[in-house]
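Worksheet for the structure shown next.
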Amino acid sequence: MPDANAAVPLLSATGLVKVFGRGDAAVRAVDGVSLQVARGEVVLIKGPSGSGKTTLLSMLGGLLQPDAGDIALQGRLLADMSQTERARARAAHIGFVFQAYNLLEALSVFENVLFPARLVSGRLEAARERAEALIRRLDLAQRRDALPAQLSGGERQRVAIARALINDPPLLLADEPTGNLDSQRGLEVAMLLHDIAREDERAVIIVTHDPRIEEIADRLMWLEDGRLRDRKQDAHDWAVDPVCGMRVDRWTATQLASHDGHEYVFCSARCRKRFIAGPASYVADGVRS
Amino acid sequence: MLHWTYKSLLADRFAVLGAAASIALALLLALYLDAVFRGEAAQIAAFLEHSDADVFVLQKGVANLHMSSTRVTENAIAAAGGVDGIARMRRLVYRPALVGPRGGERLAYIVGTGADGDRAWEIEAGAPQPAAGEALLPAPMARQQGLGVGDPVRIKEREFVIGGLTRGTFSMANPLIYITEADARDLFEEGDGADALLVWAQPGTGPAALSGRINAASDDVAALTRAELVTSDTQLALDMGGALVGLMSTIGMLVAALIVAFASYSFVARRMRELAVIKALGATRASMLASAALQTGVIGALGGGFAAAGIVVLDAALALWVPEVAVKPALGITVVLSGVTLLVAELAALVPAWQLLNVDPAEVFNA
């Protein structure tokens with residue numbers, strides 16, 4: 001018998017827009033992003049600094065309200081939830097992993113891992129055993145009673161991952177999870193996130209600059225100037241900006257314009273603007289991307 | 001959430017204890033002042049508390065045996081003595097006088113003691129009853145003047161010998177000194193007169209009924225039951241300090257509340273990032289408010305507890321170092337003052353609580 005939930009994506013975002021500031025100072029941090037993520041899928045979101053990655057992740061995690069667009073978690077719109085319901089949904093259905101670990105300094109490893117279970121009513125007792133199991137799984141048994149200040153960066157990130165998993169959430173959101181780790185620890189954490197997605201059938205969305213993580217991703221998306229597009233891993237489709245002649249990857253390009261039935265890509269909004277003002281002069285020169 | 005609050009407060013224990021100690025100090029000022037006035041009141045009323053007379057008859061318009069003087073006329077004595085239900089009646093000599101060496105005198109009330117019914121003291125040293133020519137002085141007063149049992153003491157230009165030292169009858173305002181009734185009459189040239197009457201009721205006659213009859217029998221006297229007079233004298237003492245105690249209590253309470261609020265604010269400010277994390281992980285507004293209330297409550301309750309413990313310690317310490325200051329801490333006022341402080345502190349802590357509620361959970365993504 002087919003799973004009725006199988007047809008519904010775990011996370012669905014449609015036409016997300018987030019604008020900061022007003023008037024001339026307004027910045028469209030996220031501009032019409034749509035995204036669907038299924039269980040067991042690892043989605044990597046990359047992009048330059050300031051491209052809107054963190055804003056997008058905040059919205060997907062229900063921490064920030066979009067100015068337009070909808071986000072549905074397991075088929076339920078976040079916009080339809082009250083503030084308390086959203087908080088409860090975060091606690092029960094979303095695990096967070098942060099670049100800065102964000103462990104609670106006064107709590108031991110065990111207490112940190114257990115903490116989210118305290119936020120979901122009726123889960124605490126069952127979660128104690130689960131916390132012990134996660135601590136063993138993430139190789140933290142020797143550090144069970146240590147405080148965060150006594151842990152290495154890798155250990156802290158593993159504690160953060162265990163904490164993210166304590167309520168058995170179907171969705172994990174990770175912001176630069178390897179950002180503060182050396183290459184060895186970074187790779188370990190990346191593999192751990194991969195295993196979590198595969199073995200536990202969770203969706204994992206990772207925002208990162210780290211190219212090592214590309215290996216574990218099922219889908220790689222590129223966010224630039226607030227717009228998102230799929231990009232094949234390790235694949236490039238080079239084109240030439242008809243205005244300045246710079247080489248631009250079609251997969252990552254966000255500045256596009258059509259002229260005479262042909263699509264041109266640009267390195268920047270400035271080049272695109274100049275092209276639109278007089279396309280014939282650039283095409284006539286024979287510079288066609 | 002509450003677990004985290006508790007553990008974080010524990011991690012910050014020195015700051016929490018410092019804040020609680022500061023609150024205790026602020027409250028202690030008010031509580032100590034209150035305790036001093038209560039101690040004074042208890043000592044002032046000691047003579048009455050220990051007397052077994054049912055009714056005290058004073059001059060019309062007088063309702064206290066302290067900060068006042070009274071004189072009962074022969075006509076009034078005759079009228080009062082004629083009412084039904086009196087088992088016995090004694091004329092009391094009770095006058096203020098200067099006591100001590102020339103230049104070092106202080107005002108005290110001199111009580112002419114009868115053989116029974118007005119023993120109001122505990123003996124620290126010497127004889128339990130004054131003999132002719134002897135005076136029983138409050139021990140703290142004797143110590144202040146460098147006197148002991150057997151030393152001479154001047155009372156209203158006449159020299160007595162200290163026969164004993166008493167406890168529980170010394171107040172900074174009006175210490176009580178006991179001499180024999182005959183000596184008192186002689187000292188104040190009283191003859192057979194009376195400053196007040198002590199009246200004992202016959203079995204079956206209540207003090208209130210008896211005082212009512214005496215008041216009805218004479219327009220020149222004010223008859224009060226012992227309980228009424230104790231209340232009146234105690235209230236007089238408390239009223240003397242009432243405004244001051246009230247002012248100090250208000251100041252102490254506000255200072256304590258400010259300390260709680262500031263401690264709470266600092267706690268929130270120092271943990272803004274952790275609070276953002278907690279909010280991101282799914283803490284509700286209600287649980288965050290409960291956290292704010294808990295931290296304020298813990299700091300305030302600790303401060304109140306320290307203040308209560310402090311007043312007990314202070315009481316014991318002062319009894320050793322400054323025995324002439326009578327301190328009577330009242331648990332009730334400690335609880336009330338701590339409770340009101342906690343309430344004011346919770347209100348004052350609304351600012352950090354509001355700050356806490358408005359923590360931006362998206363902050364957690366800033367590395």
Against the rule of thumb 2.2 N^0.38 Å, how large the Cα Rg of chain A comes out: 1.14
Chain lengthening between B:Ala316 and B:Val161 when straightened (0.36 nm per residue, less Cα-Cα): 52.7 nm
Relative contact order computed over the stretch B:46-111 (Cα-Cα under 8 Å; 6+ residues apart), in percent: 19
At R0 = 30 Å, FRET efficiency that the Cβ-Cβ distance of A:Val19 and A:Glu85 yields, to 0.05: 0.75
Amide H within-cut-off set for B:Glu122, under 5 Å, with H built and near neighbours excluded: B:Arg167
Distribution of pairwise C-alpha distances over the stretch A:238-283, 10 Å bins, in %: 32, 62, 7
Within chain B, percent of DSSP bridges classed antiparallel, to nearest 5: 75
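About the Cα centre, and with charges only on the beta carbon of Lys, Arg (+1) and Asp, Glu (-1), how big is the dipole of the stretch A:238-283? Nearest 20 debye, please. Write out the running numbers ahead of the final one.
Values: 6 positive and 4 negative charges, 41 e Å.
Rounded to the nearest 20 debye, it is 200 debye.
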Taking chain A and dividing mean pair separation by its residue count, relative contact order in percent (alpha carbons under 8 Å, at least six apart): 21
Global geometry of chain B, whether rounded, prolate or oblate, following the gyration tensor of its Cα atoms and the 1.5 cut on a/c: prolate
Of A:Met221, A:Met191, A:Met246, the one that fluctuates the most in a GNM where chain A has Cα springs shorter than 10 Å: A:Met246
Extension gain from B:Arg285 to B:Ile123, taking 0.36 nm per residue of separation minus the Cα-Cα distance: 51.9 nm
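From the mean inverse distance of alpha carbon pairs (Kirkwood) and the Cα radius of gyration, derive Rg over Rh for the stretch A:38-162. Write out the running numbers ahead of the final one.
On the way: Rg = 16.2 Å, Rh = 16.3 Å.
The Rg/Rh ratio comes out at 1.00.
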Karplus-derived HN-Hα couplings along the stretch A:97-107 (A = 6.51, B = -1.76, C = 1.60, θ = phi - 60°), whole Hz, x at Gly and Pro: 10, 10, 4, 8, 6, 6, 7, 8, 5, 7, 9
Relative contact order %, the stretch A:99-227, counting alpha carbon pairs below 8 Å whose residues are six or more apart: 25
Residues along the stretch A:74-89 losing 40 Å² or more of accessible surface when the other protein chains are present rather than the chain by itself (probe 1.4 Å): A:Gln83
Kirkwood-based shape ratio for the protein assembly as shown, expressed as Rg/Rh from alpha carbons: 1.32
Relative packing of A:201-210, B:210-219, A:146-155, B:298-307, which averages over residues the other C-beta atoms within 10 Å, highest first: B:298-307, A:201-210, B:210-219, A:146-155
Listing of the stretch B:1-43 residues, each with accessible area lower by at least 30 Å² in the full protein assembly than in the chain alone (probe 1.4 Å): B:Met1, B:His3, B:Trp4, B:Lys7
When each of B:Lys60/B:Lys328; A:Lys53/B:Lys279; B:Lys7/B:Lys279; A:Lys46/B:Lys7; A:Lys18/A:Lys273 is checked by Cα-Cα distance, pairs over 27 Å: B:Lys60/B:Lys328; A:Lys46/B:Lys7
For the stretch B:348-365, 3J(HN,Hα) per residue [Karplus equation, 6.51 cos²θ - 1.76 cosθ + 1.60, θ = phi - 60°, Hz, x = Gly/Pro]: 5, 7, 5, 5, x, 5, 5, 4, 5, 5, 9, 4, 7, x, 5, 4, 4, 7
Dipole magnitude of chain A about its Cα centre (Cβ charges: Lys, Arg +1; Asp, Glu -1), debye to nearest 20: 480
B:Ala216 versus B:Arg273: modelled label distance in nm, points set 7 Å from Cα along the beta carbon direction: 8.4
Charged-residue dipole, Cβ positions (Lys, Arg, Asp, Glu), the stretch A:68-160 about Cα centre, Debye nearest 20: 120
Charge dipole of the protein assembly as shown about the Cα centre (unit charges at C-beta), most positive-ward option of A:Met246, A:Gly154, B:Pro138: A:Met246
Residue among A:Ser108, A:Ser51, A:Ser121 with the largest mean-square fluctuation in a Gaussian network model of chain A, springs linking Cα atoms under 10 Å: A:Ser121
Phi to ³J(HN,Hα) by Karplus 6.51 cos²θ - 1.76 cosθ + 1.60 over the stretch A:268-282, Hz, x for Gly, Pro: 8, 5, 5, 5, 4, 5, 5, 5, 5, 5, x, x, 4, 5, 7
Simple label model, 7 Å out from Cα along Cβ direction - A:Glu132 to A:Met191, nm: 2.8
Model label zone, B:Glu74; criterion: amide N under 17 Å from point 7 Å along Cα-to-beta-carbon; scope the stretch B:82-105: B:82, B:91-92
Over the stretch B:298-367, volume per residue of the alpha carbon convex hull, in Å³: 115
Protein-protein interface of the stretch B:257-305, residues with accessible area decrease of at least 50 Å², isolated chain reference, 1.4 Å probe: B:Glu274, B:Val277, B:Ala280, B:Leu281, B:Gly282, B:Thr284
Förster radius 35 Å - calculated FRET efficiency between A:Leu124 and A:Glu214 (Cβ-Cβ, nearest 0.05): 0.35
Residues of the stretch A:104-132 with amide N under 19 Å of a point placed 7 Å along Cα→Cβ from A:Gln150: A:104-115, A:132
Amide H partners (placed H, <5 Å) of B:Val161, local residues excluded: B:Glu134, B:Ala135, B:Val153
For the stretch B:46-235, Kirkwood radius (reciprocal of mean inverse C-alpha pair distance, Å): 16.8
Most mobile of B:Gly252, B:Gly146, B:Gly206 in a GNM of chain B (Cα contacts under 10 Å): B:Gly146
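Heavy-atom accessible area per residue, the protein assembly as shown, 1.4 Å probe: how many Å²?
That works out to 43 Å² per residue.
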Charge dipole (the protein assembly as shown, unit charges on Cβ, about Cα centre) - positive-most of B:Val161, B:Ala319, B:Tyr94: B:Ala319
Accessible surface buried upon A-B contact (total; probe 1.4 Å; Å², nearest 100): 2300
Dipole of the stretch A:11-231, positive direction: furthest Cα of A:Gln83, A:Ala13, A:Ile205, with charges on the beta-carbon: A:Gln83
Fraction of beta bridges assigned by DSSP in the protein assembly as shown that are antiparallel (%, nearest 5): 70
Chain A, accessible surface, carbon-and-sulfur percent (1.4 angstrom probe): 47
Accessible-area value, A:Lys18, 1.4 Å probe, nucleic acids and ligands omitted, Å²: 20
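The values are calculated or read from the model by the stated rules, or taken from the named source; none is laboratory data. Predicted, not measured: the structure shown is a model, and the values here were computed from it. Note: ideal-geometry Cβ built from the backbone for every residue, glycine included; neighbour counts use all protein chains shown. Just so you know, the surface numbers come from the protein's heavy atoms only, side chains and all, with ligands and any DNA or RNA stripped out. Shrake-Rupley method; radii C 1.70, N 1.55, O 1.52, S 1.80 Å.
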